[in-house]
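I have placed the structure first, in the form of structure tokens, so that the comments after it can refer back to it.
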Amino acid sequence: METEIEVVWLIDADPPSPLGGRAFYPEVVGGAPPDPVLMASRFIALRSAAAEAGVSAVVTLHTSPRHRSTFFSSPYIDEWRACLDAGIALALHPHEDQEDGTNRYADAAHLARVVTEGMAAARAAELPIAAFRSGTFAWNAALPRLLQEAGVPLDLSPGPGLSMPEKNAVWPAEADTAPYAGTCVIAVPIGWSGRGSDLGRDYLFVERMDFDSLIAVWDAIRARVQRRACKAVCNLLSHGFGLADPAWRSLSLRFLDHIRAHGGAVISAAEATHAHHP
């Protein structure tokens with residue numbers, strides 16, 4: 001079957017949040033680091049899931065006010081290197097949360113520091129960064145330039161049609177993969193049905209969906225591709241905590257099998273970058 005949709009499998013490796021399933025990481029003086037045993041189990045789960053699926057993936061390297069440098073140091077450097085050895089690429093993933101529930105993605109100068117310092121920390125740890133993903137789909141118009149200057153060729157942040165102003169996440173209803181204007185940074189959005197903006201219904205977000213809901217989004221993307229007679233590229237979002245849970249792990253793997261049997265192919269970060277470079 002000819003490939004109609006290329007998919008980057010994005011695995012968010014964020015640590016547990018004080019709000020449970022809602023990712024939220026403001027600064028806390030004297031706050032405890034993540035449980036390393038719990039995090040190790042998640043890394044084992046995500047690497048084994050990628051191996052079982054037989055595909056490449058991109059895993060996020062978390063940085064935030066609460067955990068600014070935690071994941072650039074031991075024991076996590078060894079976890080990232082094990083990911084790289086397994087053919088999994090790394091994405092810088094800043095969550096810039098504030099205590100009032102907002103974030104600092106509106107502050108371009110702050111983001112410049114976060115990206116610059118994060119990339120410097122990754123270089124010091126000899127960890128190549130292949131992509132970027134904002135926290136909670138957040139956005140700032142300065143990001144494409146910042147990413148290009150930092151040498152990050154791929155952005156997996158876009159959430160077409162999402163409107164969460166309090167999170168600086170307001171995206172146009174545009175689902176195409178393309179370079180940002182004036183840069184060589186390729187934007188690959190999360191897969192979107194084109195029908196609405198509900199993260200539990202309209203996007204390829206595994207832990208918010210069931211199998212039938214994911215298929216409905218996939219079928220909508222395929223229908224759009226076939227109408228336009230133009231191949232699509234999108235990302236599929238899973239999480240480390242989900243891949244450590246038998247039910248969500250099974251859902252991710254089952255859906256990966258489905259897309260590969262129904263017009264899709266899973267591609268690496270490098271393939272997404274090179275195939276769509278202007």
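Values quoted throughout were computed directly from the atomic coordinates according to the rules given, and no laboratory measurement underlies them. All values derive from a computational prediction rather than experimental measurement. As a convention, Cβ positions derive from the backbone with ideal geometry for all residues, glycine included, and neighbour counts pool all protein chains shown.
Residue pairs whose Cβ atoms lie under 7 Å apart, sitting 6 or more positions apart in sequence or on different chains, and linking a residue in segment 217-245 that is over 19 Å from Thr177 (Cα atoms) to a partner that is of a type in the set (Gly, Ala, Ser) and crowded, with 22+ Cβ neighbours inside 10 Å, are Ser238/Ser252; Gly240/Ala13; Gly242/Ser252; Leu243/Ala49; Leu243/Ser252.
The condition of being surrounded by fewer than 23 Cβ atoms within 10 Å (Cβ to Cβ), farther than 30 Å from Ala220 by Cα, among the hydrophobic types (A, V, I, L, M, F, W, C) and over 20 Å from the mean Cα position of the chain (by Cα) holds for only one of Ala86, Ala32, Ala82, that being Ala32.
Among what's in segment 149-167 and is assigned to a loop (DSSP other than H, G, I, E, B) and either touching a Lys or Arg at 6+ places or on another chain (Cβ under 6 Å) or touching a residue at least 60 places away in the same chain (Cβ under 8 Å) (or both), pick the residue that is surrounded by the most Cβ atoms within 10 Å (Cβ to Cβ). The qualifying residue surrounded by the most Cβ atoms within 10 Å (Cβ to Cβ) is Leu156. Counting only residues that are touching a Gly at 6+ places or on another chain (Cβ under 7 Å) and surrounded by fewer than 18 Cβ atoms within 10 Å (Cβ to Cβ), how many does segment 209-221 have? Residues flagged as touching a Gly at 6+ places or on another chain (Cβ under 7 Å) and surrounded by fewer than 18 Cβ atoms within 10 Å (Cβ to Cβ) within segment 209-221 amount to 1.
Only one entry of Val55, Val59 meets the criterion of being in a loop (DSSP other than H, G, I, E, B) and of a type in the set (A, V, I, L, M, F, W, C), and that entry is Val55.
Condition check ((1) of a type in the set (A, V, I, L, M); (2) farther than 29 Å from Trp139 by Cβ; (3) in contact with a helix residue (DSSP H, G or I) (Cβ under 6 Å, 6 or more places away or on another chain)) across all residues:
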{"site": "Gly30", "(1), (2), (3)": "no, yes, no"}
{"site": "Arg42", "(1), (2), (3)": "no, no, yes"}
{"site": "His62", "(1), (2), (3)": "no, no, yes"}
{"site": "Leu92", "(1), (2), (3)": "yes, no, yes"}
{"site": "Glu96", "(1), (2), (3)": "no, no, no"}
{"site": "Val115", "(1), (2), (3)": "yes, no, yes"}
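Would you mind stating whether Ser64 is within 30 Å of Glu6 (Cα to Cα) and buried (at least 17 other Cβ atoms within 10 Å of the Cβ)? For Ser64, the condition - within 30 Å of Glu6 (Cα to Cα) and buried (at least 17 other Cβ atoms within 10 Å of the Cβ) - is not met.
Looking at Leu199, Leu127, Leu236, which one is outside any loop (DSSP other than H, G, I, E, B) and either in contact with a strand residue (DSSP E or B) (Cβ under 8 Å, 6 or more places away or on another chain) or buried (at least 20 other Cβ atoms within 10 Å of the Cβ) (or both)? Within the list Leu199, Leu127, Leu236, the selection yields Leu236. Within segment 208-231, not a single residue is touching a strand residue (DSSP E or B) at 6+ places or on another chain (Cβ under 6 Å), within 27 Å of Leu111 (Cβ to Cβ) and of a type outside the set (Ser, Thr, Tyr). For segment 1-29, taking the residues that are free of Cβ contacts under 8 Å to residues at least 60 places away in the same chain and of a type in the set (A, V, I, L, M), the one that is surrounded by the fewest Cβ atoms within 10 Å (Cβ to Cβ) is identified as Val29. Of the residues Leu204, Leu199, the single one that is more than 19 Å from Arg47 (Cβ to Cβ) and touching a Cys at 6+ places or on another chain (Cβ under 9 Å) is Leu204.
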